[in-house]
Amino acid sequence: MKKYASETIVTEAKAVSVLSSIVDDSFGEAVAALASARGRIVVSGVGKSALIARKMVATLNSTGSRAVFLHSSDAVHGDMGMIGPDDVVLFISKSGNTEEIRRLLPFVRKMGNHVVSIVSCRESFLGTHSDSLIYVPVEREAGPDNLAPTTSTTLHLVVCDAIAMALSRFRNFTADDFARIHPGGSLGKRLYMRVEDVFDRTNRPWVSEDEAIKNVIITISSHRLGATVVLGPDGNPEGIITDGDVRRMVENGKDINTLRAKDIMSRHPKTIDVGALAAEALRKMEENKITSVVVLREGKYAGLIHIHDIMREGIQ
């Protein structure tokens, strides 16, 4: 079993390793045709190719190109109505000769839509009746007897990703665009969620520089953030005291009755503006091995953002 599994991986990896050679002028013309669509990109296939087509649609929609999936079998039973006059239709097929495509393709061409195909047989019905062709040669499938779609679907998937990324660059799709259409995912949150969206602005622990240690401990405990900011006379952060600072003070045998906040605080605390990305706050915590960062609004103390605030939003 290990032998057959390894052979499958090696066969598919070898096929992918030479796949970039298909990126020729015909490939470029096909991608240009997809980029010129004034409507949507309608992606169609049947069988395993239909699964690749669905993945292609998902990738296109998430990278700035409007797309919709059309199953080749369902199309001739009414679903062709989803094809608009400004749409470009992309067919995916290994053989290019499936009955469903042979029935559907003439109707699509009669409607006047530009047809792009990803196919592994140039002389097939699909290959000879497409306006733009991306030829993906498949030497053999990875499975026994060269039967089950394995290498072919892998190659078609890689080609679809290549097309989607080329279109994304062509459309100048940015990280901000990605965040706009991925608001619910952890990747999107890293790109759009700000500190002000995450930290608790009502939980604002602080003490003065001359505050007694007893009151410092009470402040840290009551706010449950594991730290308190030390403010100077002008209201600006002068330092921070964490529960770790308090423990070290006790371990060193210091007299808490004579010490003040300024005696145990860490000066020059790490700060971040409310408008900064929450992911940037997390980066500062990780780099400095701390769990809280002081939040500033127009240079003034606004609160603390804790690592739990960020983790709770799924930002990693």
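The values are calculated or read from the model by the stated rules, or taken from the named source; none is laboratory data. Given the structure is predicted, the values throughout are model-derived calculations rather than measurements. So basically every Cβ, Gly included, is an ideal-geometry build from the backbone, and we count neighbours across all protein chains shown. Heavy atoms of the whole protein, side chains included, go into the accessibility calculation; ligands, DNA and RNA do not. Shrake-Rupley method; radii C 1.70, N 1.55, O 1.52, S 1.80 Å.
Worth pointing out:
- Check on residue 249, modelled with pLDDT under 95, open to solvent by less than 20 Å² (accessible area, probe 1.4 Å) and either over 15 Å from residue 207 (Cβ atoms) or of a type outside the set (Val, Ile, Thr) (or both): yes
- Residue in the range 135-145 that is surrounded by 15 or more Cβ atoms within 10 Å (Cβ to Cβ) and closer than 23 Å to residue 68 by Cβ present: yes
- Scanning the range 38-56 for residues that are out of contact with any Cys (no Cβ under 8 Å at 6 or more places or on another chain) and over 20 Å from residue 126 (Cα atoms) yields 38, 39, 40.
- The criterion of at least 1 residues that are in contact with an Asp or Glu (Cβ under 9 Å, 6 or more places away or on another chain) is met, among helices (runs of 4 or more DSSP H) falling completely within the range 156-238, by 186-192, 195-198, 213-223.
- The set of residues in the range 30-42 that are buried (at least 17 other Cβ atoms within 10 Å of the Cβ) and either of a type outside the set (A, V, I, L, M) or under 22 Å from the mean Cα position of the chain (by Cα) (or both) comprises 40, 41.
- Criterion: among the hydroxyl-bearing types (Ser, Thr, Tyr) and under 35 Å from the mean Cα position of the chain (by Cα) - qualifying residue of 258, 271, 219: 271
- Meets criteria (closer than 29 Å to residue 315 by Cα, within 29 Å of the chain's Cα centre (by Cα), open to solvent by 10 Å² or more (accessible area, probe 1.4 Å) and modelled with pLDDT of 95 or more) for residue 198: no
- Search result, residues across the range 242-278 that are touching a Leu at 6+ places or on another chain (Cβ under 8 Å), among the aliphatic types (A, V, I, L, M) and within 21 Å of residue 199 (Cβ to Cβ): 272, 274, 277
- Those strands (runs of 3 or more DSSP E) lying entirely in the range 239-316 with at least 3 residues touching a residue at least 60 places away in the same chain (Cβ under 8 Å) and not hydrophobic (A, V, I, L, M, F, W, C): 300-306
- Here residue 118 meets the list (1) outside any helix (DSSP H, G or I); (2) surrounded by fewer than 14 Cβ atoms within 10 Å (Cβ to Cβ) almost entirely, failing just condition (2).
- Residues being open to solvent by 10 Å² or more (accessible area, probe 1.4 Å), in contact (Cβ under 8 Å) with a residue 12 or more places away in the chain and either out of contact with any Ser or Thr (no Cβ under 7 Å at 6 or more places or on another chain) or assigned to a loop (DSSP other than H, G, I, E, B) (or both) - total across the range 89-105: 6
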